[in-house]
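Computed from the coordinates by the stated procedures, all read-outs in this text should not be read as laboratory data. Keep in mind that what you see is a predicted model, and the values were worked out from it rather than measured. Neighbour counts are summed over all protein chains in view; Cβ atoms, including those assigned to glycine, are modelled from backbone coordinates with ideal geometry.
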Amino acid sequence: MTEPTQDPLFAQDPYPAYAALRRACPVQPMANGSGTRSGYVVTGYAQAREALADPRLSKDTAVFFAGKESRRRLHPAVAHTMLASDPPRHTRLRKLVTKAFTTGAVARMRPFIARVTDELLDRWPAGEQVDLVGALAAPLPVIVICELLGVPEAERPAVRRWSGELFAAGEPDRVDTASHAIAAYMTGLIAAKRARPGSSLLDDLVVARDGDDRLSEEELVSLAVLLLIAGHETTTNFLGNAVLALLRNPGAAARLREDPDRMPAALDELLRFDSPVSTATFRFATQALTLGGTAIPAGAAVTIALGAANRDPERFASPDLLDWDRDAAAHLGFGHGIHRCVGAPLAKAEAEIVLRALIARFPRLRLAVPADRLQWRRTRLVRGLAALPVLA
């Protein structure tokens with residue numbers, strides 16, 4: 001079957017295409033636009049969960065692309081991040097950053113997140129149309145992760161611009177250029193941290209590099225770039241998708257307004273309903289294996305469609321409905337296994353604070369344009385709105 005992403009309507013609503021793929025076979029070979037096989041796609045929940053935890057599916061892109069010619073010039077700090085590695089390297093790198101995203105660490109950041117949220121909402125003009133993505137969903141996570149990493153305030157707009165360009169679908173030159181810009185910036189910031197040490201997460205990583213050599217210089221730059229990008233891209237999409245889901249389901253929004261203590265469980269359902277990461281990052285089979293009854297040869301690329309898995313009726317009854325009463329804690333919105341998103345606790349904290357604030361301050365919040373006129377980002381990896389015009 002040809003990749004559904006070739007359909008221009010896919011970005012607006014991928015779920016009918018996902019459902020058709022899943023009904024045909026939850027694991028099947030895919031062909032690109034020219035009809036050439038491009039690997040295998042996983043759309044079933046059970047199969048996706050199994051694949052995400054299978055050590056035979058490697059994420060080491062350096063191994064997969066070794067010896068292959070490519071016209072791309074993606075910076076190594078972006079091409080070979082922790083996400084593109086396997087144990088033991090992945091285990092070592094992840095251990096260095098996990099402490100910044102523990103429940104306790106995130107709890108200490110909540111007052112800062114709440115203050116920034118209120119400051120951004122205070123700027124909304126009364127009774128006028130506002131782009132919720134541009135005015136809230138995008139800047140808040142950037143401010144939070146930049147604060148965590150110690151990025152100076154004046155330099156944050158450039159960081160946000162480069163990060164967004166890294167996800168420009170169908171524009172490889174633009175992506176490659178942005179990868180070099182953001183890697184060069186982080187290299188310079190690391191040098192500044194060495195000259196004038198502080199107390200940020202990036203300072204801690206510099207100490208790990210310079211103190212006992214647990215990080216190479218290349219790994220340090222790559223880890224800094226990954227934290228910067230992943231630290232806000234997923235959350236931006238999560239916030240936009242969640243607010244849109246509430247605006248399109250006023251009954252569910254009303255229940256949440258009447259019982260805000262339902263919020264933690266509601267976040268899991270929102271992550272399941274419209275996952276901010278539509279497709280998991282690259283994997284390939286290091287040996288022949290069988291997944292969901294489908295034989296996958298060694299060396300084949302495997303795409304795991306998280307958005308499809310989270311709408312699998314075999315796992316979630318009536319999956320196209322937003323339902324606060326279902327137990328959605330097992331969703332795959334943040335992945336599963338050793339590569340599950342390390343920043344998930346921070347993303348959920350930001351989302352909870354934002355949604356509580358919106359519900360309390362803007363009970364009449366509504367879409368400013370018909371839902372079918374909303375513009376979605378054209379990329380396979382993440383699912384998010386380019387803009388969300390609302391009236392408060």
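Among 255-262, 47-54, the peptide with the highest mean count of other Cβ atoms within 10 Å heads the list, and the full ranking is 47-54, 255-262.
Could you please state, rounded to a whole Å, how far the C-alpha centre of the stretch 284-338 is from the C-alpha centre of the stretch 95-123? Cα centres, the stretch 284-338 to the stretch 95-123: 30 Å.
Summing charges over neighbours of Arg315, with a neighbour being any other residue whose Cβ is under 10 Å away from its Cβ, gives +1 when K and R count +1 and D and E count -1.
The simple Förster model, with R0 at 51 Å and r as the Cβ-Cβ distance, assigns Asp54 and Ala126 a FRET efficiency of 0.45. The protection proxy used here, the mean number of other Cβ atoms lying within 10 Å of each residue, ranks peptides 101-107, 142-148 as follows, highest first: 142-148, 101-107.
3J(HN,Hα) along the stretch 286-291: 7, 8, 4, 8, 10, 10 Hz, from the Karplus curve 6.51 cos²θ - 1.76 cosθ + 1.60 with θ = phi - 60°, whole Hz, x for Gly and Pro. Subtracting the Cα-Cα distance of Leu391 and Thr290 from their residue separation scaled by 0.36 nm leaves 31.3 nm. Shown for Met30, Met82: other C-beta atoms within 10 Å of each C-beta, ranked fewest to most, produce the order Met30, Met82.
What is the packing order of peptides 223-232, 112-121, taking the mean over residues of other C-beta atoms within 10 Å and listing the highest first? Please list the in-between numbers first.
Working: 223-232: 24.1, 112-121: 16.2.
Packing proxy ranking, top to bottom: 223-232, 112-121.
Would you compute the Debye intensity of the stretch 331-392 from its alpha-carbon atoms alone, equal scatterers and no solvent, and pass along log10 I(q)/I(0) at q = 0.14, 0.15 Å⁻¹ to two decimals? Values, matching the q order: -0.62, -0.70.
Within the shell defined by Cβ-Cβ distances under 13 Å, the residues around Ile353 carry a net charge of +1, with Lys and Arg each +1 and Asp and Glu each -1.
The ratio of the alpha-carbon radius of gyration of the stretch 139-232 to the globular-protein estimate 2.2 N^0.38 Å is 1.07. Centre-to-centre, using Cα atoms only, the stretch 189-206 and the stretch 360-384 are separated by 37 Å.
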